[in-house]
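Structure record follows, encoded as structure tokens.
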Amino acid sequence: MKKTILITGASSGFGLLSANLLYEKGHKVYGTSRSPARYQTPFELLEMDVQDLGSIQNVVSHIITEQGQIDVLINNAGMLLYGALEEASEKEVQRIYDVNVFGAMRVANEVLPQMRKSRKGKIINVTSLAGLVETPTFGHYCATKHALEGYTKTLSHEVAPFGIQVALVKPGEYYTNIFENAVFSENKIADYEFLREILNEQVEARISAEDNNSQEVAQLITKLVEVKQMKLHNRIGKFSGMIPMLNLFPGMLKKVVKKTYGLDKV
């Protein structure tokens, strides 16, 4: 059955791959980008900045006017802030929370009234395994994904009585444009230079070794759109199956993180 789908951050990465696949499957797909004129897509790409409530309202109103409803919201827009936690300025931290957390909330809040009225709908929030496991030098990104994880789990309880399903998609280490577009903390502290060097080497090595089949994330998202009943938690990628067990043993998890990122020898 054809669905009307809104995907944020659909000009690249998981958003673009998912939008293309859903379009190919025959769904009516609306993607969003801050600069849609820069891209050519088979689906309609609308201008939206998740930090701008007015632009969100315009897009949601446009889709509902054209289609009568939005069946599925996929919150995919996000950014990466790179650097030690202490290095980030308050402005930089506020921005990443505004995009990764409040942005998803803003869009959901605009879509939910119509979904509650129709007593159906799906909201899929794309987070990360970083929402379950800490990663040095990506600390603020991890924190936003932990926040979105908690928000989404609570939302799933609150909207279930209205027939609305909610899901989390938690990809592991896939190389997407988010790395190319990463924001680096302007305030660099010399004491953390060793940490940056170690983590740079580890991340580059892990990305190079990764099969980087990002299409499988798009396939998972498409499956969630089309399945009758979504699961709340959907992990995907290398080591994703180990995460729940490791979270039960914080000491072991800390050792694994240190070894994984080359910090066990520091």
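The values are calculated or read from the model by the stated rules, or taken from the named source; none is laboratory data. What you see is a predicted model; the values in this text were computed from it and never measured. Counting neighbours? That spans all protein chains shown, and the Cβs are built from the backbone with ideal geometry, glycine included.
Could you say which residue among 152, 144, 135 is among the β-branched types (Val, Ile, Thr), modelled with pLDDT under 90 and either crowded, with 18+ Cβ neighbours inside 10 Å or outside any helix (DSSP H, G or I) (or both)?
Numbers: 152 fails: modelled with pLDDT under 90; 144 fails: modelled with pLDDT under 90.
Testing whether each residue is among the β-branched types (Val, Ile, Thr), modelled with pLDDT under 90 and either crowded, with 18+ Cβ neighbours inside 10 Å or outside any helix (DSSP H, G or I) (or both) leaves just 135.
What residue, among those in segment 67-89 that are at pLDDT 95 or above, closer than 15 Å to residue 50 by Cβ and of a type in the set (A, V, I, L, M, F, W, C), is farthest from the chain's Cα centre (by Cα)?
73
Name the pairs: first residue in segment 42-69 and under 13 Å from residue 111 (Cβ atoms) and in contact (Cβ under 8 Å) with a residue 24 or more places away in the chain, second residue hydrophobic (A, V, I, L, M, F, W, C) and part of a helix (DSSP H, G or I), Cβ to Cβ under 7 Å, at least 6 apart or on different chains?
The qualifying pairs are 48/56; 48/59; 50/56; 50/99; 50/107; 56/107; 60/111.
Over 18 Å from the mean Cα position of the chain (by Cα) and under 27 Å from residue 188 (Cα atoms), is that true of residue 92?
Criteria met by residue 92.
State which residue pairs qualify: first residue closer than 16 Å to residue 22 by Cα and inside segment 222-243, second residue of a type in the set (D, E, K, R) in any location, beta carbons under 7 Å apart, and separation of 6 or more residues or different chains.
So the pair list comes out as 222/25; 225/3; 225/122.
Please go through segment 10-51 and pick out each residue that is closer than 17 Å to residue 215 by Cβ and in contact with a His (Cβ under 8 Å, 6 or more places away or on another chain).
none
Surrounded by 15 or more Cβ atoms within 10 Å (Cβ to Cβ), among the aliphatic types (A, V, I, L, M), in contact with a strand residue (DSSP E or B) (Cβ under 8 Å, 6 or more places away or on another chain) and part of a helix (DSSP H, G or I), is that true of residue 96?
Numbers: surrounded by 15 or more Cβ atoms within 10 Å (Cβ to Cβ): yes; among the aliphatic types (A, V, I, L, M): yes; in contact with a strand residue (DSSP E or B) (Cβ under 8 Å, 6 or more places away or on another chain): yes; part of a helix (DSSP H, G or I): yes.
Yes.
For the condition under 26 Å from residue 61 (Cβ atoms) and surrounded by fewer than 18 Cβ atoms within 10 Å (Cβ to Cβ), what is the one hit in 86, 110, 158?
Working: 86 fails: under 26 Å from residue 61 (Cβ atoms); 110 fails: surrounded by fewer than 18 Cβ atoms within 10 Å (Cβ to Cβ).
Of 86, 110, 158, the one residue that is under 26 Å from residue 61 (Cβ atoms) and surrounded by fewer than 18 Cβ atoms within 10 Å (Cβ to Cβ) is 158.
So if I check each of 223, 228, which one is outside any loop (DSSP other than H, G, I, E, B) and either at pLDDT 70 or above or of a type in the set (Ser, Thr, Tyr) (or both)?
223
Condition test on residue 199, is it part of a helix (DSSP H, G or I), under 27 Å from residue 94 (Cα atoms) and either modelled with pLDDT of 90 or more or not hydroxyl-bearing (Ser, Thr, Tyr) (or both)? Break it down stepwise before answering.
On the way: part of a helix (DSSP H, G or I): yes; under 27 Å from residue 94 (Cα atoms): yes; either modelled with pLDDT of 90 or more or not hydroxyl-bearing (Ser, Thr, Tyr) (or both): yes.
Criteria met by residue 199.
Taking residue 10 as the residue in question, decide whether it is buried (at least 19 other Cβ atoms within 10 Å of the Cβ), among the aliphatic types (A, V, I, L, M), touching a residue at least 60 places away in the same chain (Cβ under 8 Å) and touching a strand residue (DSSP E or B) at 6+ places or on another chain (Cβ under 7 Å).
Values: buried (at least 19 other Cβ atoms within 10 Å of the Cβ): yes; among the aliphatic types (A, V, I, L, M): yes; touching a residue at least 60 places away in the same chain (Cβ under 8 Å): yes; touching a strand residue (DSSP E or B) at 6+ places or on another chain (Cβ under 7 Å): yes.
Yes; evaluated as a whole, the condition is true for this residue.
Which residue is surrounded by the fewest Cβ atoms within 10 Å (Cβ to Cβ), if the candidates are limited to segment 21-41 and must be without any contact (Cβ under 8 Å) to a residue 24 or more places away in the chain and outside any helix (DSSP H, G or I)? Give the steps one after another, and end with the answer.
Start the filter on segment 21-41 by keeping residues that are without any contact (Cβ under 8 Å) to a residue 24 or more places away in the chain, which leaves 23-24, 34, 37, 40.
Then drop every residue that is not outside any helix (DSSP H, G or I), which leaves 34, 40.
Numbers: 34: 15, 40: 7.
Ranking the qualifying residues of segment 21-41, first place goes to 40.
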